[in-house]
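Here is the structure we will look at.
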Amino acid sequence: MNTITQDLKYRHSLVRFALKHGVSKASRKYNKARSFIYFWLKRYDGSIQSLAAKSKRPHSHPNQHQPDELLLIRNMRRRSPNLGLMEFWFRLVDRGYNRHIVSLYRVMKRMELIQKPRKKPYIPKPYTQMTYPGERVQMDVKFVPKSCCKNLLPGERFYQYTAIDEFTRLRFLMGFKEHNTYSSTVFLEAAVAFFARHGISIKCVQTDNGFEFTNRFIPQYTDKPTLFQTTAASLGIQHKVIKPFTPRHNGKVERSHREDQKRFYNSHSFYSFQDYINQLKAYLYRSNKIPMHPLKFNSPLSYLALHRVQLV
């Protein structure tokens, strides 16, 4: 169905006025040249769609491919459908073809002789919902934007460690100056204490394959557990790593980092590391009270309380 635009309505009004009162009056009323009005009168067949602007692309070009060249390209492509563009061009040149390879690519694309490789569509596996608080906690690190940090020393960075319970979406945040396995261990112990204060015992921690969590991709230390893994084992917590280069498997913590950027980092500045810690604590208190759609418009804290009431 053709769309009737404001330009079409304007031309339709102009043409109808010209047919009723004459071209001269229409030219004075609409402040358009008589040649312009005659042009659209010639096009007009009684329907408003006939006044639509047509393509100004030329139908031919003096340097366009000739029919014999197009036939040569089509016949050779039919015999060698999987040949690469460069080799195909050289074979054409041997048979008298004298066009540039870019011109060949364009005409083959126009003739639909170049097929784009079809990517296999990604079919996500069904997500296994958690059944109780603490069954699995996702953990990750966010690099604090430098634009938020004032008075930074050369080479200094701030890092936000995040732990989120998959069942209740309850989060724990903590700021660090270093991004290593020691900081991850300190954060894990603090997260265990935080969730314990809310009556949650962590059974499993899921992380990516970063060196701050695992030595999985460090050849000389592949079989050696990190301090983070050793601490998790001593606390009776299973450590699960996601598939490499698939951050969607840690989607809840990744999404929470995106919300942190919008709600916190885009509107806050930190003048020292202690200032960052203080503001992050206030934001943590606020974020755990924000209603969420996956929790049926409950906040993580209220959803946790509701779950306890249902158990009772």
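Here are the numbers for this structure:
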| quantity | calculated |
| --- | --- |
| Residue that is under 30 Å from residue 255 (Cβ atoms), assigned to a loop (DSSP other than H, G, I, E, B) and out of contact with any His (no Cβ under 9 Å at 6 or more places or on another chain), where the choices are 121, 133, 154, 117 | 121 |
| Residue satisfying condition, being assigned to a loop (DSSP other than H, G, I, E, B), at negative phi and surrounded by 13 or more Cβ atoms within 10 Å (Cβ to Cβ), within set 104, 92, 83 | 83 |
| Test for residue 210: is it more than 30 Å from residue 306 (Cα to Cα), assigned to a loop (DSSP other than H, G, I, E, B), over 28 Å from the mean Cα position of the chain (by Cα) and assigned by TED's automatic domain parsing to the domain that holds residue 299 | no |
| When residues of the range 1-53 are limited to those that are within 39 Å of the chain's Cα centre (by Cα) and hydroxyl-bearing (Ser, Thr, Tyr), the one modelled with the lowest pLDDT | 3 |
| Pairs with Cβ under 6 Å, 6+ apart, first in the range 39-67 and among the hydroxyl-bearing types (Ser, Thr, Tyr), second part of a helix (DSSP H, G or I) | 44/15; 44/50; 50/43 |
| Residue in the range 8-30 that is out of contact with any helix residue (DSSP H, G or I) (no Cβ under 9 Å at 6 or more places or on another chain), outside any loop (DSSP other than H, G, I, E, B) and of a type in the set (Phe, Trp, Tyr) present | no |
| Whichever residue in the range 220-241 is part of a loop (DSSP other than H, G, I, E, B), in contact with a Lys or Arg (Cβ under 9 Å, 6 or more places away or on another chain) and not hydrophobic (A, V, I, L, M, F, W, C) and, among such residues, is farthest from residue 205 (Cα to Cα) | 222 |
| Scan of the range 54-73 for residues that are more than 39 Å from the chain's Cα centre (by Cα) and either farther than 14 Å from residue 106 by Cβ or part of a helix (DSSP H, G or I) (or both), ordered by number | 59, 60, 62, 66, 67, 68, 69, 70, 71, 72, 73 |
| Residue in the range 166-189 that is free of Cβ contacts under 8 Å to residues at least 24 places away in the same chain and among the aromatic types (Phe, Trp, Tyr) present | yes |
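The values are calculated or read from the model by the stated rules, or taken from the named source; none is laboratory data. Computed from a predicted model, the values in this text were never measured in an experiment. Because the Cβ atoms are built from the backbone with ideal geometry, glycine has one as well, and the counts that use them run over all protein chains shown.
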